[in-house]
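In what follows, a structure is listed as structure tokens, so that the remarks can point back to it.
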Ligand code: AMP
């Protein structure tokens, strides 16, 4: 649909074109036609959907579709828009100015924090459309400095926010003073009980237009972070696979060497996977990807760079074996699941000294992430034979494929500083936080919920976590 098909008057269309809009947004396509007919409208939409034009365009159209005002004639307020905040009212005023630039429209905003005198003088000169915050409008009404007896169109914008801010009595006072015969438009991002009541009392047979907010991958994907000492990551990964049996997973590692090592760990645990990274030959990469896409392998282990451009549908799990270097990379990684309306899970193995990064991710993603600790007893029960972790940098000298980590960031590959985190200092906060840390509490009990015990210390040789000092279980896998 094009704006031209909506039946708006030519000067409004020209202004819309000048703004660079070609097609109406869904709220506009839904609200403008009934609004032009003079019907009441209930618009359920958030900021950013184009809702301002959805009520401003038909209002300007209806102001000037008939005869244009004669020079010198009295200009009563015919369109009234009420918005919760000064900033929003000013924005709406600016939109009216932009959309009404090819018409003789006079519009002002009456808001708090600005001299009342200037606003009153402007009102005396006559305006067609008034944009107001409830408080200042009620002030002017009580002082009898404003005449609302000619209002034909009322719009309440962000009604839910106005109720949250305690403006309900002001709105009642204002609407009671308006002519009964008028068009009403009510826009609200949400419809809690009081707004449903308001819409029932205010609107007659309204056209209802609802725009469902789009969810970002960060909102759709079920995310958790497991606080895992470096030494327990292999065991945690295999335990996670055995317990959750992901259908199609990408495991991210920080380095090329790490990707190969994780693929080996998974292979030993009976979980076939393919690894892709910069050192793999093109043929090997293509094969790994082909097997993964066709479901021959359920797991792809990849570095960030190698994973670029991989477009595989229906990824059920993203597993960050290594935390990414920065929050943006995290969002990029987890966005590989939860596509096309599907759900998805992301789990990150986070070393105790990397916890700060989780806060940064939460801030960027706009939501909390459940944080758990591995249950040492659970790990001890899983008879997994694992190759040792390599403590130093990768033996083949590969560089980190990620962007360099920020100064003072999370590049701590030699384990936590003495006495903190890791095996010895478990239960302590990183420097500066103080006090014991409660893990597993944010999301309630989880599969990897922490008990009062500690993560068992690896006793050299093959890295194998144990329960609280309990006897070591016999290995299943024979000598390595
Ligand atoms: P709003 O939800 O009214 O705050 O509008 C959000 C943004 O979308 C504003 O910057 C408008 O200028 C812009 N906008 C509104 N309608 C359209 C449209 N039909 N096409 C393109 N941009 C639009």
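What the table below lists for this structure:
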| read-out | value |
| --- | --- |
| Lone unmet requirement of (1) without any contact (Cβ under 8 Å) to a residue 40 or more places away in the chain; (2) farther than 30 Å from residue 164 by Cβ for residue 16 | (1) |
| Candidates 43, 48, filtered to the one that is within 11 Å of the ligand (Cβ to nearest atom), surrounded by 15 or more Cβ atoms within 10 Å (Cβ to Cβ) and more than 25 Å from residue 119 (Cβ to Cβ) | 43 |
| Filtered residue count, the range 17-40, keeping only those that are under 21 Å from residue 153 (Cα atoms), buried (at least 22 other Cβ atoms within 10 Å of the Cβ) and within 13 Å of the ligand (Cβ to nearest atom) | 4 |
| Hits in the range 51-88 (condition: surrounded by fewer than 24 Cβ atoms within 10 Å (Cβ to Cβ), in a helix (DSSP H, G or I) and within 16 Å of the ligand (Cβ to nearest atom)) | 61, 86, 87, 88 |
| Some residue of the range 216-236 being in contact with a strand residue (DSSP E or B) (Cβ under 8 Å, 6 or more places away or on another chain) and part of a helix (DSSP H, G or I) | yes |
| All positions within the range 69-89 that are over 33 Å from the mean Cα position of the chain (by Cα) and closer than 22 Å to residue 19 by Cβ | 79 |
| The range 90-130, subset in a strand (DSSP E or B) and more than 16 Å from the ligand (Cβ to nearest atom), residue farthest from residue 22 (Cα to Cα) | 110 |
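No value in this document is a laboratory result; all are computed from the given coordinates. Keep in mind that what you see is a predicted model, and the values were worked out from it rather than measured. Cβ sites come from the backbone with ideal geometry, for glycine too, and all protein chains shown count toward neighbours.
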